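Engineer: First the structure, then my questions, so here it is.
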Amino acid sequence: MSAAAVARKDFLDVRRAKIVWFVVGVYVLLTALFFVQVRLADAGGPDGPPAVLRALWNVAFVGAVFVPAVALVSAYLAVAGERESGSIKFLLSTPITRRDVVVGKYVSRAAVVAASLALAFAVAAALSAVWFGSLRTGTFAGIAALTTVYALAYVAVAIGISASTASRAQAMAAALGFYFSTNVMTLVDGMSALAALRYALNELLGLGVGEDATRFLGVLTNPTQAYLVAVQLAFPAGFMDLPAADGVAWYARPEVAVVVLLAWLVAPILFGLRRFERADIG
């Protein structure tokens, strides 16, 4: 038995989980509703941004909020659930390693999440073609690719959490804590950890740290912030008053955010695997 065998078995199990498909269904519905909203409002006019771009901008925003929920719900119990039930002991009694378990679980949960995103973007593509007569292929492909990487980064976080915890309650608490601190509070700027850091460095200590430096710290420590910066690459220059590339430091540019987002695919898995390999399963 190997990581591939673990992935196949786990995929069959997770696809029967109703809560996963409920969350996926809500995300697909929200994606469609954002297109409906732009279609009904049609406020761009001939001098405003094209409707399809505004709809895709909305898709990126709802993705920033909701994709992490889809990923975390799909994967946070992947290992911890089996540890609590005791079934992990049987799994490890076969010729597989703990690394096989973690990697296999990640592959299966990532496949489920990627499939849900493919469905959502298929709906978005159909609505774009029917309602707006244009798909804006470059922008659409860029958003789809970056959103998928973003989702898989949160799957990696969920698997890392699940491999690091011994019970459902611990995994749920850690997943909720991570979601609120890196997602919900990020979108409320005054409540975010980055806002607190900016206040401490500049207001309390008077260090005068620039906006680019604090922006980079946010990107480095927060996958949601990295996604929101990286997704700017998908849109044409000047859209929605996005900052020009030459107006920010190199380390605060969207290209760097993409690299950081890719790093989030690996780092949580390595952390969780290290903890899982040292855990006393009993």
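Here, each number is a calculation from the coordinates, and none is a lab measurement. The shown structure was predicted, so the numbers you read here are calculated from the model rather than taken from an experiment. For neighbour counting, all protein chains shown are included, and Cβ atoms are generated from backbone atoms with ideal geometry for every residue, glycine included.
Engineer: What is the dipole size for the chain, taken about its Cα centre, with +1 at each Lys and Arg Cβ and -1 at each Asp and Glu Cβ, in debye to the nearest 20?
Structural biologist: Numbers: 21 positive and 16 negative charges, 229 e Å.
Dipole about the Cα centre, nearest 20: 1100 debye.
Engineer: In addition: Which lysines, on any chain, are close to residue 18 with Cα under 23 Å apart, when same-chain ones fewer than 8 places away are left out?
Structural biologist: 9, 105
Engineer: Taking 8 Å as the Cα distance limit and 6 or more residues as the minimum spacing, I'd like the relative contact order of region 107-215 as a percentage.
Structural biologist: Details: 38 pairs, mean separation 16.6, N = 109.
Value for region 107-215: 15 percent.
Engineer: Continuing with the same structure: Select one label from [x] 18.9, 62; [y] 20.3, 67; [z] 17.8, 57: the one whose number is Rg and Dmax of the Cα atoms in Å as derived from the coordinates shown.
Structural biologist: This structure yields the entry labelled [y].
Engineer: Projecting each Cα onto the charge dipole of the chain (Lys/Arg +1, Asp/Glu -1 at the beta carbon, about the Cα centre), which of 79, 53, 147 comes out farthest on the positive side?
Structural biologist: In the chain, that residue is 79.
Engineer: Normalised by the number of residues in the chain, what is the relative contact order in percent for Cα pairs under 8 Å and 6+ residues apart?
Structural biologist: Working: 356 pairs, mean separation 71.0, N = 282.
About 25 percent, as a whole number.
Engineer: While we're looking at this one, here's another question. Only helices at least 18 Å long along their own axis, judged from Cα atoms, and with Kyte-Doolittle mean hydropathy of 1.6 or greater: name those in the chain from DSSP H. Let's see the in-between values first.
Structural biologist: Working: long enough: 18-41 (34 Å, 1.91); 51-75 (35 Å, 1.89); 98-127 (44 Å, 1.25); 137-164 (40 Å, 1.53).
The answer, listed by residue number, is 18-41, 51-75.
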